[in-house]
Amino acid sequence: MHASASLKRCACYKRAMRFLIAAFLFLAIAPAAMAQPRIHITFVTDWKAQAEHGGFYQALAEGLYAKRGLDVTIREGGPQVNVPQLLAGGAADFGIGSNSFIALNLVKENVPLRAVMAVFQKDPQVLISHPRRDLNSLEEMRGHPILISDGALTSFWPWLKARWHFSDSQIRKYTFNLAPFLVDANAIQEGYLTSEPFTVQQQAHFTPKVFLLADYGYPGYANMVLVPQKWIDANPRAVQAFYDASRDGWLDYLNGNPAPANALIKRDNPDMTDAVIAQSIDKMKRFGLVTGGDAPAFGVGGMTDKRWHDFYQTMQDAGLYPKGLDIAKAYDLRFMRRAFQNFR
C-alpha cells in the first residue's frame, strides 16, 4: 500500500516537472517565435560609395537599422544610375536625392516621391580658383571666364546670374577634365567641395581657393532621403525608423569612430582610398554640411517650409519653375518633427 502510494506520488512529480519544463521552454522561445520579421528596404545612393554616404553605411555597420526592425541593403549608385526612376519603378525602395532640384522636378513631373530628410544642409557646390589675390568673393568673379558644365546651366548658374549678376558670356565649357583649369592660372571652374579641390591638390600640388555657394546664400539642400508616397502612406513607422537610424548613423560617423562605415564603403567601392575619405569627413565637419543650416534647430536631417519656399521662389524667379507649383508635394516634415521630438 505504501509502495503504491509512493509510486503514484513519484509519477505525479515527474508529470509536474515535465509540465514546468515545457512551460519554461515555451516562455523562453515564444518571444522569439512571435517577433516580427524585419522590414526589408533597398536604399540606393546617388553615386559610388563614398564618405558623403558615410552616415547611412555607419547605421548599417553598427546595426542601427536592425535595432529598429529594418533589414537595409545599400546599393551604390553611379553615372548610369537614375535614383528617381528606380524608386518610381519599384526597383529600389528609398534613395538619395542629390539636390533640391530633383525634388521639385519630381513635383513638376507629377512623380509621387518626397524628400523626408536633408542630410546636407548646405549644397556642396563650389567654384574654385588658383590662389590669386584678386579673387576673394563671388562678386569679384563677375566678368571672368568660368568653366561650367551643361548640368549647371539649369541649376546653380541661373542663381549666380540672378544673385551675383554673372552673364552667359563668362561661360566656358567644363567637361569634368581638370587639365584646362590646372594649366591656366587665371581659370575658375565649378566643383564639388569634397572632390575637385582635393584632386587639384593631389595633381597640381597647390591648394585652390574654394568658394562654397551655400555660404553666399545658395538656398538648396542636398543628400536627401527620397521615399515613395506609397511607403509613407502604407508604412510610416518604417520610414520613421529609417530616419531615426540614419540620423544616429550620421552623428556616430562624424563624431565617433567611422571605421565600420569606411570598411563597407571600400568594400562597395574598391577605388576609394583612406585619404579621400579623410578629407571628405574633414570638409563635411569644417564647412558644416551636416550640422549647419536647420540642423541646430531640428537635428540632423532637418528641413523647413521656409527653406523649401525660398529655394523655389529663387529658382522660379530665375525662370526654372512655373508659378503656382505645389512645392508641398516635394517634401514631408512629419518624420523630422517626430524624430526631433523623441530625440530631445
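The values are calculated or read from the model by the stated rules, or taken from the named source; none is laboratory data. Note that this is a predicted model, so its numbers are computed, not measured. So basically every Cβ, Gly included, is an ideal-geometry build from the backbone, and we count neighbours across all protein chains shown.
Key figures
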{"quantity": "Selection count, the range 203-230, where residues are without any contact (Cβ under 8 Å) to a residue 40 or more places away in the chain and in contact with a helix residue (DSSP H, G or I) (Cβ under 8 Å, 6 or more places away or on another chain)", "calculated": "2"}
{"quantity": "All strands (runs of 3 or more DSSP E) inside the range 106-161 with 3 or more residues being in contact (Cβ under 8 Å) with a residue 60 or more places away in the chain and touching a helix residue (DSSP H, G or I) at 6+ places or on another chain (Cβ under 8 Å)", "calculated": "113-120, 125-129"}
{"quantity": "Those residues of the range 79-105 which are farther than 24 Å from residue 339 by Cα, of a type outside the set (A, V, I, L, M, F, W, C) and in a loop (DSSP other than H, G, I, E, B), in sequence order", "calculated": "79, 80, 82, 89, 90"}
{"quantity": "Helices (runs of 4 or more DSSP H) wholly inside the range 174-250 that include at least 1 residues being of a type in the set (Asp, Glu)", "calculated": "196-204, 229-234"}
{"quantity": "From the options 272, 315, 284, residue that is closer than 24 Å to residue 108 by Cβ, in the same structural domain as residue 109 (by TED's automatic domain parsing) and either touching a residue at least 60 places away in the same chain (Cβ under 8 Å) or touching a strand residue (DSSP E or B) at 6+ places or on another chain (Cβ under 7 Å) (or both)", "calculated": "315"}
